[in-house]
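A.B. asks: After the structure tokens below, expect a handful of questions from me.
Where a number appears in this text, it was derived from the coordinates with a stated rule and is not lab data. Model, not experiment: these values are computed from the prediction. Quick reminder, even Gly has a Cβ in these numbers, built from the backbone with ideal geometry, and neighbours come from all protein chains shown.
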Amino acid sequence: MANRQSLSDRSIFVLRQTIDYFDNFWKTLTEWQPHDRVSIFQRLRIPYWSPARPDPALLGGDQRQQQQQAGQGRNVPFHVGTRSDTGGASALQDQMRRFFESQGYTFVKVLGAGSQGTAVLFEHAGQKVVVKWSTELPAMATEMWAMRKMVGARHIVQRKWRPGMIETGWDNDSNMMDTILTLEHTYEEELQRALGPGVPLMGLLRKISQQQAYLKDSELWRVFLCLFRACVALTYPGQWAPPGFVPTDDNDAATREEFVPTDAAGAALPTDLGILNFDMNDRNIMIGDFGGGGGNVGGPGGPGHPHDQVPVVKVGDLGVITRLLPRHRGDFFVLVAGRVRGNMWYHFPEQFTETWKSVGGMESLAADDVAGKYGWTSNLWQVGRLMTIMITRMLPDVPPACTQGRITKPDGTAQTVWTYSGHLLGSEFDHYDPLLRSTVAWCMAHRPADRPGILELERLIAAAAAVDRSGAEAEGRVSIASLLGEPPAAAQDPPPAPAPPRPAAGPDGRGGRGGGDGGGFGGGRGGGRGARGDGGRGGSRGGGPGGGGPRGGGRGGGGDRGRGGGNRGGRGRGGRGAPR
């Protein structure tokens, strides 16, 4: 218990609160009302487990099965359990439309709206752009900062320079301009019609699931490479814009392939100053256009991989991110508040590991090899989650099952790791490339240190994506291009297992009150709340995920004066954003 005394009151409050969140919402689908539960979780002892216990994820046989049965598995077909991504009306829309039409833009449609702002599709000078607008600067500040750091990265949705921006500067001070973020439109209208309401990757995943589509290995590798390149971009922020690039009214930065930067000895540059994206989920991965190579010539291996068979896939919506600088690695509050940021379906082991219950202070947290060990491999784990969904066509179990599996490394040697995609290595999916399944399982290793190194993974995925498989891929496989256009006859894996029954939807999330007496998490996105009298610093977009089941976990949540979470949550009142 000695470590317990080294923690601030607000750190103890948030640690207790996160333990309650994972035990009483994330695992069980029970409606979680954080403000009402303060009197309950404030009685939790810290460390919760004393003495410390072995990591339950690494239990064997019957013990692990009993642990999994305590939760509510959600492994259902993706198209059954997926969420709608359409937004409702917003008070900002009329104001936004009038402002941009006065600047020469043509209104096309509202793409989404919520308490944090509105996203609208406009057309200007024959080019479509997506405009995000919020009436509160803090709601956009994090994303604006991140988009500046991602200028030139081919696999990150790019900020677009609008007329008038050059007068107010790169970091302009205009109140009107500061609340606007203009992004490239990453999909053509015909793709939108083909995919239905879920325009991002979610729409493609729904089609794959509905048709029981048996995809091509070559195309899965190319999607994997796109997502990996996005991870590289986030790991090395500020390195992708052309040298000397200065924005003008009609001058967007050329994009280039995100190769891993290396030193004179050929080793990857350090990865510890990258951007951590807590929200790399299927609604925030965007489908772009078909096209040629990956951008500027001059990087390792040439201009980059082509997008002739598979459209470019990009990461968008960088509002739930942080950059952990060296001083943050020793800040207990920053690390524990990160536990509940992001999408409940994509929480990674660094957030959900049960060993947080053995933590009583910074010393015990530093000794843990999973809890709070955020890094570029946290982004990679979410990529592994997306690839697993593409292969299995299922929403994964929450909490996921950790099993041992033997993965193949680039040098041909095998390594046994604890992974959350161990089921990919079994016979059920042996119609897919063994190396693909092994690599995805490797990315989803429980321990961050067991996941692949950034340079060895680049070489592995790039080499696999470059293999010509046209003569080897069996008939009956479905191309992504066909799914984005007219749907072909359904192709099924041999033989498909019967789909499990659809579970009852969990209760809608409710927003936390945040700050003041209650602390508390709001819904869908963001970080923790502080102790009494302190709004907390958990994240610029609010509290922990709200709601449960297919309807839960909307975009609400406290944070910087955001609304409460779930689809019907109340208002949240939050504090400062996470350090950037």
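A.B. asks: Please compute the modelled spin-label separation between residue 264 and residue 404, points set 7 Å along Cα→Cβ, answer in nm with one decimal.
C.D. replies: Reported label-point gap for residue 404 and residue 264 is 4.5 nm.
A.B. asks: What is the spin-label model distance, in nm, from residue 127 to residue 411 if the labels are put 7 Å beyond Cα along the C-beta direction?
C.D. replies: It is 4.7 nm.
A.B. asks: On to the next question. HN-Hα J couplings of the stretch 34-42 from phi, Karplus 6.51/-1.76/1.60, θ = phi - 60°, integer Hz, Gly and Pro as x?
C.D. replies: For the stretch 34-42, the Karplus curve yields x, 5, 6, 9, 4, 5, 7, 6, 5 Hz.
A.B. asks: If you don't mind, there's one more thing I want to ask. Would you please state which residues of the stretch 376-396 a label at residue 456 would reach in this model, taking the label point 7 Å out along Cα→Cβ and a backbone N cut-off of under 20 Å?
C.D. replies: The answer is 376-385, whose backbone nitrogens lie closer than 20 Å to the label point.
A.B. asks: I've got another one for you. From the phi of every residue in the stretch 384-397, what ³J(HN,Hα) in whole Hz does the Karplus formula 6.51 cos²θ - 1.76 cosθ + 1.60 yield, where θ is phi - 60° and glycine or proline is x?
C.D. replies: These are the phi-based 3J(HN,Hα) values: x, 4, 5, 5, 4, 5, 4, 7, 8, 6, 10, 5, x, 5 Hz.
A.B. asks: Could you give each residue of the stretch 224-232 its phi-based ³J(HN,Hα) in whole Hz, using Karplus coefficients 6.51, -1.76, 1.60 with θ = phi - 60°, and x for Gly or Pro?
C.D. replies: Running phi through 6.51 cos²θ - 1.76 cosθ + 1.60 with θ = phi - 60° gives 4, 5, 4, 5, 5, 4, 4, 4, 4 Hz.
A.B. asks: While we're on this one: So if I place +1 on the C-beta of Lys and Arg and -1 on the C-beta of Asp and Glu, and nothing else carries charge, what would the dipole magnitude of the stretch 317-415 be about its Cα centre? I want it in debye, nearest 20.
C.D. replies: 200
A.B. asks: Which percent of Cα pairs goes in each bin when the distances of the stretch 360-478 are cut into 10 angstrom slices starting at zero?
C.D. replies: 12, 42, 32, 11, 2, 1
A.B. asks: So how do 431, 423, 328 line up by other beta-carbon neighbours within 10 Å, fewest first?
C.D. replies: With the fewest neighbours first, 431, 423, 328 line up as 431, 328, 423.
A.B. asks: In nm, to one decimal, how far is the modelled label at residue 369 from the one at residue 53, with both set 7 Å along Cα→Cβ?
C.D. replies: Simple spin-label model gives 2.0 nm for this pair.
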